[in-house]
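The values are calculated or read from the model by the stated rules, or taken from the named source; none is laboratory data. Source: prediction; values computed, not measured. Don't worry about glycine lacking a Cβ; one is built from the backbone with ideal geometry, like all the others, and counts go over all protein chains shown.
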């Protein structure tokens, strides 16, 4: 269940919270925007990143937010080894492959009541809890997209209206709605609306479904989200990816939060919603993020390792444990893994062809004279 907090543009600058010093760790595409807009609201925040050129540009010229808005915000940035002092809130936005090394400089720098809020992709909260302690761990989702454009600059790839309407969700690991959770939500609402949830595990899995489906397709095929939703074979593949992720999560006993105005079961292949209705719903939803591309694809373009093990790989891991078949997640994982190993970017046409071949083996042939591509 989710409750509301006030949207960022409505509350007083820096008021209503005892969290005085904040670090945004992993000030890349999302972290630059998040840290800059929190700083703009009057909070004391340090943007921490291992990219020396980026840190230097942020300190020299400020954080440039491009894309759906164009804004330059003066900020304070630091390399991990140069961080000093204590922090009341550490907002973790690194890739999961860097979780341990990103948190290591902060293990002795959390204030007595200090907490880490992981906003990473996938389901990293238990790993973070193992490092800093469950009593110091909050978890959440990011609901907007961004693209790193170079030192000091990040592009907001989600419309500004949508970003303001819903930027984050946060929750305690035990489902309680605490003062520190509300304070964290107030800080994050500097960007846009931040919701509170008493089911962070179910909400994280719900976000993982979107990542394994649409980020998985974006990375496996080398395309933007707009290109994915414009390709009918990929939207048919999306139905299978969603179905696999739902069945894997439910087999693991996860109470998955709804993806829209219907129970989660409506989005399975044999659920209440037709294939056409589900495709229309997600096409409309993702249209707001048309310019964006998966963070995994951004990493492939940079020639660095991506989070495949924590997104599609996570679905596969849970599915294997519970005997659920996930061929579409396996194909996405394979295509991304090949590109990562070869330090290449997948060709869109090749990715579409690979999913079409898999679809041909699992979908019934359309009746003569009927339009191709319908599942139900």
Can you spot a residue in segment 144-157 that is in contact (Cβ under 8 Å) with a residue 40 or more places away in the chain and under 26 Å from residue 318 (Cβ atoms)? yes
How many residues does segment 228-269 contain that are free of Cβ contacts under 8 Å to residues at least 40 places away in the same chain and more than 21 Å from the chain's Cα centre (by Cα)? 7
Regarding residue 323, is this residue farther than 25 Å from residue 97 by Cα, at pLDDT 95 or above and either surrounded by 21 or more Cβ atoms within 10 Å (Cβ to Cβ) or not assigned by TED's automatic domain parsing to the domain that holds residue 68 (or both)? yes
In the set 249, 216, 223, 245, which member is outside any helix (DSSP H, G or I), buried (at least 24 other Cβ atoms within 10 Å of the Cβ) and touching a helix residue (DSSP H, G or I) at 6+ places or on another chain (Cβ under 9 Å)? 223
Hey, can you tell me all the residues within segment 39-49 that are in contact with a strand residue (DSSP E or B) (Cβ under 6 Å, 6 or more places away or on another chain) and under 25 Å from residue 293 (Cβ atoms)? 47, 48
Restricting segment 46-66 to residues that are without any contact (Cβ under 8 Å) to a residue 60 or more places away in the chain and assigned to a loop (DSSP other than H, G, I, E, B), the residue that is surrounded by the most Cβ atoms within 10 Å (Cβ to Cβ): 49
Among all residue pairs at least 6 apart or on different chains, which show Cβ distances below 7 Å where the first residue, located in segment 32-45, is in contact (Cβ under 8 Å) with a residue 40 or more places away in the chain and the second is part of a helix (DSSP H, G or I)? 38/187; 43/187
